[in-house]
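The values are calculated or read from the model by the stated rules, or taken from the named source; none is laboratory data. The structure displayed is predicted, hence computed values, not measured ones. Please note: Cβ atoms are built from the backbone with ideal geometry, for glycine as well, and neighbour counts cover all protein chains shown. Quick note on the areas: whole protein, heavy atoms, side chains included, nothing else; ligands and nucleic acids left out. Shrake-Rupley method; radii C 1.70, N 1.55, O 1.52, S 1.80 Å.
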Amino acid sequence: MLSWSAIIPTLNRGAILERSLPTIVAQTRPPKQIIVVDASDEWELSKTRILNSFALTAKSIELIYVGSDKKSLTYQQNIGLNFCDSDVVFYLDDDSFMYIDCAEEIMEVYEQDEEDLVGGVMALMVPQPPSTSKNDQKNSPSDNPVQTNKQPNQLNLWDRFLKPFHKLWHIQNLFIPYDGMYHRYDISELAKKTSINNVVLFHGCRMTFRTSALKEIGGFEELISRTVNDLDVSYRVSRTSALVLARRAKLFHEQTAVSRIHRYKNSVLVVLNPIALFLAHRTVKHGVNILVVRFALSRALLEFLRDCANPNRGFPHARGAWLAVKLVPKLMQMDKQQLREWYPRFQAELLNKENDSKLFS
């Protein structure tokens, strides 16, 4: 029987972590390890509180709680991987709430995969948090994706105007594939045994991988500190093995609102990070400039539409995207070594500065 470990990077969110951890401990198929990597300044206080809370309820689970000297998601994810000694690793957000049989459904996919065709399995995100009742969890619908609360006839005029653009938000349009294509595999035989769908990229709050597949690619790419790290790592795994969605493995993601200054900075990174990653990992030889410029302009349009759909004072998404577009030529002039030296410094300056006027140096 395969073993699994849960890795949860966190930063200044001890309260929500204390709420989500019990859903991991309570799994019908418990983990071998729970590894929390905390970049908070006072992480040791959280460690003491968490370990005391679960000392009695998680006796059979190894609880590892470590600090991170960098406030970087990819760095924290790699720290957690260094502690993992299980066959499968679950990467969960600190606000991801697993249904009680989520791990059981995911592990079944790995164990039915006798040919080791699958390198990663993603849980199904559902719109309601798990019930405290085990029966309620197991009997709730599981094969339907998250649905919006609005019905087509309830959409306002602006929503209807934006509807043609919704397809542009598809995950495949938020990333530039390094090989010029997405990798797909024949999973038809495995699909006869388990309830799965083929996918080409993962969403970070609910992704799992064979530990060997993740270590084979060198873990997470620390060229970036956050944003699209999930798309990058899942794409690199997909180069050699299949990625699938387990339709019966349910998970609820409780997203926390982001402040206006963070919206601006995040928009810079959601445009530039995929470009930096593509330039660092690409095997594509021709049409690179066209791919990069087209991606940057399309993402800038999406960020502008995001501000229009949910009016934000000062258009933070659009302003962040415009800064990113202006920096694209600078990235394209760099070789891979220059990119790896400059881009992490740029991210650190962006995240630490209130004013963007000095970000072009």
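Annotations for the structure displayed:
- In the range 207-301, Cα pairs under 8 Å separated by at least six residues give a relative contact order of 30 percent.
- Accessible surface for K32 stands near 90 Å², nearest 10, in the context of the full protein assembly shown (1.4 Å probe).
- Solvent exposure, largest accessible area first (probe 1.4 Å, DNA, RNA and ligands not counted), of W4, W342, W322: W322, W342, W4
- Cut-off 15 Å between beta-carbons: net charge of the residues surrounding C84, Lys and Arg +1, Asp and Glu -1: -1
- Accessible surface of F83 - all protein chains present, 1.4 Å probe, nearest 10 Å²: 90
- The Cβ shell under 10 Å around E114 holds other residues with a net charge of -4, Lys and Arg each +1, Asp and Glu each -1.
- Entry note, the range 169-327: relative contact order of 29 percent, from Cα contacts under 8 Å with a spacing of 6+ residues.
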